[in-house]
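Reviewing the structure listed below.
Please treat every number below as a calculation from the coordinates, not as lab data. Keep in mind that what you see is a predicted model, and the values were worked out from it rather than measured. No Cβ is skipped: glycine too gets one built from the backbone with ideal geometry, and neighbour counts run over all protein chains shown.
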Amino acid sequence: MGTVRQEKTSFLKPSDELPDFVNLKGAEISAQSCRRCPLWERATQTVFGAGASHARVVFVGEQPGDAEDRMGLPFVGPAGRLLDRALNQAQINRDLCYVTNAVKHFKWEPLGQRRLHKKPTSREIQACRPWLEAEIELIQPEVVVGLGATAAASIFGVPVRIADVRGKLTHVETVGRTCLITAHPSSVLRAPDSDTRQTEFDRLVQDLTLLQEFVR
């Protein structure tokens, strides 16, 4: 009888450097076996970025939510729907953009039958940062947009106050790109009342209109 050869999966440990990737698909496949932080243990799957492979604009969120974790795609839940609405009002075509997250696994804690989002730690953000760097290197966008504090921390390499950097197109040396920092759509959804929610939504749209010269 012949022997059956079993393929071994090569897992990426915290100390491992990422290999050089030829394209986004290769990076996405490799990310499925990432073990650079413990978040993979409770997540359904790695949620890599999606969109135009040579996009002029890359959007970076915090992490996948419950819907994204189940579907395997970024920004398909409530925050994603609000982002789509804001992009439409800002006259930005999402199909021409690339959307990803600073952290590629859903971090959560149970509450009854629900899975509640937990903010990733600085260590988890840094562990996942090489994947964002790989995406940016492969896409070569003109602008990287950070949605929220976690995305901003990943882009700058250190924690930053959103109020200090929001709404300005600024060259950021750590990614070698022009960057725009604004609020995460989920923060708009968490507004305490409808008036505040509308105000925050309008402000998000105003920030996104700065991208019109790059994406039509």
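Taking other Cβ within 10 Å of each residue's Cβ, how do Phe59, Phe106, Phe201 sort, fewest first?
Ordered from fewest to most neighbouring Cβ atoms within 10 Å, Phe59, Phe106, Phe201 come out as Phe201, Phe106, Phe59.
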| said: So if I take the centroid of the Cα atoms in the range 140-216 and the same for the range 21-46, what is the distance between those two points in Å? | reply: 25
| message | If R₀ is 30 angstrom, what is the calculated FRET efficiency for the pair Ser194 and Lys168, using the beta carbon separation as r and rounding to 0.05? | response | 0.60
| Sequence-separation-based contact order of the chain, relative, with Cα cut under 8 Å and 6+ spacing, percent | 22
| message | From the helices alone, meaning DSSP H stretches of at least four residues, give me the mean residue ellipticity at 222 nm for the chain, per-run term -39500 (n - 2.57), in deg cm²/dmol to the nearest 500. | response | -10000 deg cm²/dmol
| note | For the chain, percent of DSSP beta bridges that are antiparallel (nearest 5) comes out at 40
| message | Please give the charge dipole size of the chain, origin at the Cα centre, charges +1 on K and R Cβ atoms and -1 on D and E Cβ atoms. Round to the nearest 20 debye. | response | 500
| field | Cross-link reach list, aspartates and glutamates versus Lys119, counting only Cα pairs under 18 Å and skipping chain neighbours closer than eight places | value | Glu41, Glu62, Asp66, Glu68, Asp69, Glu109
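Hey, fewest Cβ within 10 Å first, where do Ile162, Ile125 land in order?
Working: Ile162 17, Ile125 22.
With the sparsest Cβ surroundings first, the list reads Ile162, Ile125.
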